[in-house]
Amino acid sequence: QLVGMNPSLLVGGVADQERHKGYGVSTIVDVLYAGRLRQVIEEGGRDNEGKVAEIEFYSCILSSCRPIVEVIQKSLAWQDASAATRRLFKMLRNFMPNDSMRVLLGRVAETPDPWAYLLDQTRAGLSMASNLAIRPRLTTSMMPHYSKIIAKLPSIYTRLSILRPHIPRIIGILDPYLDVVEPHLDRIMERMDRIEPHLPYILLHLDVLAPHCGKLLDYFDVLMPYADDKEKVMANLGSCYARPGVASLKEIEDCVLSHWTDSDKWDDQPPSNDVEMQKKDQSYLPRLLPYVDFLIPHLEELAPHLSLVHPHLPHILPHMDILLPYILRFVKYPRASANADVLIAYLGWMLYVPVLPRVLNLPLVPRIVSKLSTWLPRWAVRRTLVRNLRRDEEEQERRTKRKRIEMPDEEEEQEREQTAKRNKLR
């Protein structure tokens with residue numbers, strides 16, 4: 001175990017083996033190994049536990065000093081210094097007293113250029129501070145939560161450049177939701193790279209998502225594909241009718257990050273309706289949101305099915321309201337999830353026959369349906385699946401257009417408020 005933590009223990013007292021690597025390393029080995037290690041091992045009157053504890057202490061000292069010695073030894077070559085710095089931060093991470101500091105040091109250790117990364121985050125922090133200083137309303141809203149924010153500041157610091165465009169919306173939700181989200185904030189910051197493209201929509205619906213924050217993070221990797229761009233989901237299906245005009249989530253993220261230095265963006269936050277409509281156009285996430293309260297408490301049972309169901313999500317969503325009461329009946333039958341599109345194509349009509357869906361509550365029926373899903377040929381219903389998907393997309397577009405028409409007054413009011421804010425700031 002000690003050698004695994006510090007391989008330098010293998011050289012023991014043979015200090016001459018390390019002398020050719022530089023004066024710094026040679027001195028450390030002389031002092032900590034040739035000068036002491038053998039004495040500790042051979043010393044009488046002490047139990048082995050005490051000897052191991054002392055050796056472990058010296059190992060920690062050498063592990064701490066080695067990255068600094070390497071920087072000196074290699075004449076501060078930029079690449080070598082960066083690698084040594086990453087090792088230093090990685091080592092220090094194990095000794096930090098809280099998760100927030102561990103997130104900071106771990107993030108710095110993962111970046112190719114630690115000092116450039118720290119400079120970027122510091123620049124973003126200074127820019128945010130200056131913008132808050134000229135916006136007393138935002139600063140006043142944030143001050144009651146000062147102590148909690150400071151406690152999590154190291155992990156927040158790692159994502160300042162990503163968080164900056166969203167600060168006005170984030171400050172707006174501190175009062176009702178910070179107490180709920182704060183215990184999970186370190187884990188959220190670790191995953192912010194993947195969360196950021198969806199952040200405006202998430203902030204609008206924290207009333208639904210915040211109570212399930214812990215569970216969502218526990219199953220983060222298997223859940224994130226469900227927030228993917230529609231085009232990405234359809235590409236997994238191999239369909240040829242994906243809408244060409246919808247930007248990918250990566251393009252949206254790049255667009256947001258490319259404008260993070262523009263302070264006026266804080267005064268040009270898009271209206272909530274625009275965020276809602278944009279996400280509906282791009283992703284299936286808004287259609288899944290109504291089912292969060294039912295599905296998240298059962299994630300432990302449903303987790304093995306998530307990756308199997310995901311490619312068939314466009315086929316399942318139109319029937320979700322009817323299927324919801326019977327989902328847990330199929331937790332023992334992953335084959336049904338893997339062939340959900342086939343089942344929908346052949347048996348979907350039965351869901352709309354009165355009383356007939358209740359047959360799924362009978363014992364053995366889920367097993368039979370699961371077995372049947374492996375026998376029914378997929379090739380025979382490909383055209384049916386494509387036709388049904390196209391019909392569902394057209395229906396969703398019509399609903400979106402109707403909603404846009406019904407809300408012009410609200411959008412105009414929000415636009416007037418944004419214009420008034422800009423004029424006041426000028």
Residue that is farthest from the chain's Cα centre (by Cα), among those in the range 93-124 that are within 25 Å of I173 (Cα to Cα) and open to solvent by less than 20 Å² (accessible area, probe 1.4 Å) = A124
Please work out which residue is nearest to P297 (Cα to Cα), limiting yourself to the range 194-219 and to residues that are open to solvent by 20 Å² or more (accessible area, probe 1.4 Å) and among the charged types (D, E, K, R).
-> K215
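Restricting to the range 98-120, count the residues that are farther than 11 Å from P154 by Cβ and either part of a helix (DSSP H, G or I) or free of Cβ contacts under 8 Å to residues at least 12 places away in the same chain (or both). Give the steps one after another, and end with the answer.
Applying the first criterion (farther than 11 Å from P154 by Cβ) to the range 98-120 yields 109-120.
After this cut, where a residue has to be either part of a helix (DSSP H, G or I) or free of Cβ contacts under 8 Å to residues at least 12 places away in the same chain (or both) as well, the list is 109-110, 114-120.
Final tally of qualifying residues: 9.
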Might you let me know whether the range 158-165 holds any residue that is at pLDDT below 90 and more than 21 Å from L119 (Cα to Cα)?
-> no
Take the residues in the range 350-371 that are of a type in the set (A, V, I, L, M, F, W, C) and part of a helix (DSSP H, G or I), then tell me which one is most open to solvent (accessible area, probe 1.4 Å).
-> I368
Could you say whether any residue in the range 203-210 is out of contact with any Pro (no Cβ under 8 Å at 6 or more places or on another chain) and not in a helix (DSSP H, G or I)?
-> yes
Residue pairs qualifying under the 6 Å Cβ cut-off, at least six apart or on distinct chains, with the first in the range 318-333 being in a helix (DSSP H, G or I) and the second being among the acidic types (D, E) and surrounded by 14 or more Cβ atoms within 10 Å (Cβ to Cβ), are P318/D392
Report, by residue number, each residue of the range 320-346 that is more than 28 Å from the chain's Cα centre (by Cα), open to solvent by 20 Å² or more (accessible area, probe 1.4 Å) and either at pLDDT below 90 or of a type in the set (A, V, I, L, M) (or both).
-> I322, L323, L343, I344, A345
Single residue of R169, R164 found to be in contact (Cβ under 8 Å) with a residue 40 or more places away in the chain, assigned to a helix (DSSP H, G or I) and open to solvent by 40 Å² or more (accessible area, probe 1.4 Å) | R169
For residues in the range 131-145 being without any contact (Cβ under 8 Å) to a residue 12 or more places away in the chain and of a type in the set (S, T, Y), which is most open to solvent (accessible area, probe 1.4 Å)?
-> T140
Of all residues in the range 181-193, how many are modelled with pLDDT of 90 or more, open to solvent by 20 Å² or more (accessible area, probe 1.4 Å) and part of a helix (DSSP H, G or I)?
-> 8
Of the residues S64, S127, which single one is modelled with pLDDT under 80, out of contact with any Cys (no Cβ under 8 Å at 6 or more places or on another chain) and not aliphatic (A, V, I, L, M)?
-> S64
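The values are calculated or read from the model by the stated rules, or taken from the named source; none is laboratory data. For clarity, every value in this text was computed on a predicted model and none was experimentally measured. For neighbour counting, all protein chains shown are included, and Cβ atoms are generated from backbone atoms with ideal geometry for every residue, glycine included. Ligands, DNA and RNA are excluded from the accessible area calculation, which covers all protein heavy atoms including side chains. Shrake-Rupley method; radii C 1.70, N 1.55, O 1.52, S 1.80 Å.
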